Amino acid sequence: MSDITKSIDLCSAYYGDQAEAMRHYLEAGHKTALNLDNRGPIQFDEAGGLDPGIREAYSRYGFYVFTDVLTSEELSDIASDLSAMRERFPTGPESRVNASGQAALGSDSKALTLVWSKPLGDPLGGTSLANGRHQVKMFEPEAAAEAPAAAPFILLGSLQFSEACLRTYAHPQLLRVAEAINGPDFAPFNEALFIKDPGIGAAVAWHQDGVTHWDNNDFDEDIHGFNFMAQLHGSTAVNGVWVVPGTHKLGKLDISKLVAESGSERLEGAVPLVCNPGDVVICNRQLLHGSFPNCGLEPRVTVNFGFHRRSSVLGVQGGGIHSDAQKFDESIIARRTRVLGYAIDARQQRFPSESPYCYKPFAEQDKTFIWNATAKEDIKDYNCDDLSI
Ligand SMILES: O=C(O)CCC(=O)C(=O)O
């Protein structure tokens, strides 16, 4: 685990008369997170299922840190795709060209591609965006004068822009975890990159992700699915996502009340996701979570991708956050799932000695997918069908 003492010093200083409270919160959260018994390598039992201890800890806390999942080779593929994508980012939120005047990444996309923020801002908190689920705005520290006026911090539909991210999406061990949690016919959710550059990266106010099933008679802790959060550079108390363990079982929470009770957005009982590069967190979407603006020294890039139980999406009217609201039928789910088929083949081409994941619905229907230039064209705008619930 890297030493983040200097980052904590720098970050706390942004909080004015709350600096000492922030320092204490960051230090205590870091220590508590490392003492929880929910981290280690992905392990399966003799029957091939997820290790029962991991399953139990994931259920108890609502998250689990899988260590050393992505190799340095895979991480360096993601890093080089990210620098290529950054060169294609538009020059500003309203711009359609990059710094070289070429058509920018996402400029011809049907769905929203980049979410921008002022540096160290919290563009979602306290707004009605995303169904108003980010109830309370985080403190927005003053960024340095040389920071850009706005910077992108979320890239949506990321698999169409990065083959490295597409390949990570098909990581066979992670897909076996998805199968263990959501069943062999699990369905996709959405994919995104969260980019939190030091001194710039925006906050994501406390929220629970689900919007659809809170009042469902069959409500349970897994009904809104989960996200994998793969870390390129690692993740710390300063730049990482914070979670309140166990809250995924409590139904929809009154976040404003919790903030009032804690006296600030430093929620009591919360811990950060502390990760090394290559670690991957599984995070229940109902878990109360959020991230502070990145006032520290280390960058964070999270490769996010989630999965659902099929029964959570089939026949369900989407929540309309990640894609236009539509009722998800078998054909929409199959269309959205083809990206997984391409991903499995793309990964096999890059890592031929690895045993690929066998997705039961493809095997049952004798479906095969080849990742090539035609497939790349085929997944353009695939995220218009994100299974947003
Ligand atoms: O990475 C972050 O800062 C926020 C992630 C998040 O809120 C999510 O995946 O729902």
Given the criterion touching a Ser or Thr at 6+ places or on another chain (Cβ under 7 Å) and over 24 Å from Glu146 (Cβ atoms), identify the matching residue among Ala230, Ala205. Ala230
Residue satisfying condition, being within 16 Å of the ligand (Cβ to nearest atom), modelled with pLDDT of 95 or more and either within 26 Å of Lys118 (Cα to Cα) or not in a loop (DSSP other than H, G, I, E, B) (or both), within set Val301, Val339: Val301
Determine, yes or no, whether Pro293 is part of a loop (DSSP other than H, G, I, E, B), modelled with pLDDT of 95 or more, within 12 Å of the ligand (Cβ to nearest atom) and farther than 30 Å from Glu73 by Cβ. yes
Being surrounded by 18 or more Cβ atoms within 10 Å (Cβ to Cβ) and either farther than 16 Å from Glu140 by Cα or among the acidic types (Asp, Glu) (or both): is that true of Leu250 here? no
Picking from Gly278, Gly306, Gly296, Gly269, which residue would you name as being on the phi > 0 side of the Ramachandran plot and out of contact with any Asp or Glu (no Cβ under 7 Å at 6 or more places or on another chain)? Gly269
For His322, state whether it is surrounded by fewer than 23 Cβ atoms within 10 Å (Cβ to Cβ), within 14 Å of the ligand (Cβ to nearest atom), outside any helix (DSSP H, G or I) and not polar (S, T, N, Q). no
Elements of type strands (runs of 3 or more DSSP E) contained in the range 191-282, each with 1 or more residues being within 11 Å of the ligand (Cβ to nearest atom) and closer than 22 Å to Leu314 by Cα: 226-231
Out of the range 29-50, which residues are exposed (fewer than 14 other Cβ atoms within 10 Å of the Cβ) and within 30 Å of Glu142 (Cα to Cα)? Lys31
Out of the residues in the range 10-64 meeting the condition of being closer than 18 Å to Ser262 by Cα and aliphatic (A, V, I, L, M), tell me which one is nearest to the chain's Cα centre (by Cα). Leu26
Being surrounded by 18 or more Cβ atoms within 10 Å (Cβ to Cβ), modelled with pLDDT of 95 or more and touching a Leu at 6+ places or on another chain (Cβ under 7 Å): is that true of Ile333 here? yes
Qualifying position, being farther than 18 Å from Gln160 by Cα and either surrounded by 15 or more Cβ atoms within 10 Å (Cβ to Cβ) or out of contact with any strand residue (DSSP E or B) (no Cβ under 8 Å at 6 or more places or on another chain) (or both), among Glu20, Glu74, Glu87: Glu20
Would the range 347-356 turn up any residue that is assigned to a helix (DSSP H, G or I) and crowded, with 20+ Cβ neighbours inside 10 Å? yes
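The values are calculated or read from the model by the stated rules, or taken from the named source; none is laboratory data. Keep in mind it's a predicted model, so treat the numbers as computed, not measured. Neighbour counts are summed over all protein chains in view; Cβ atoms, including those assigned to glycine, are modelled from backbone coordinates with ideal geometry.
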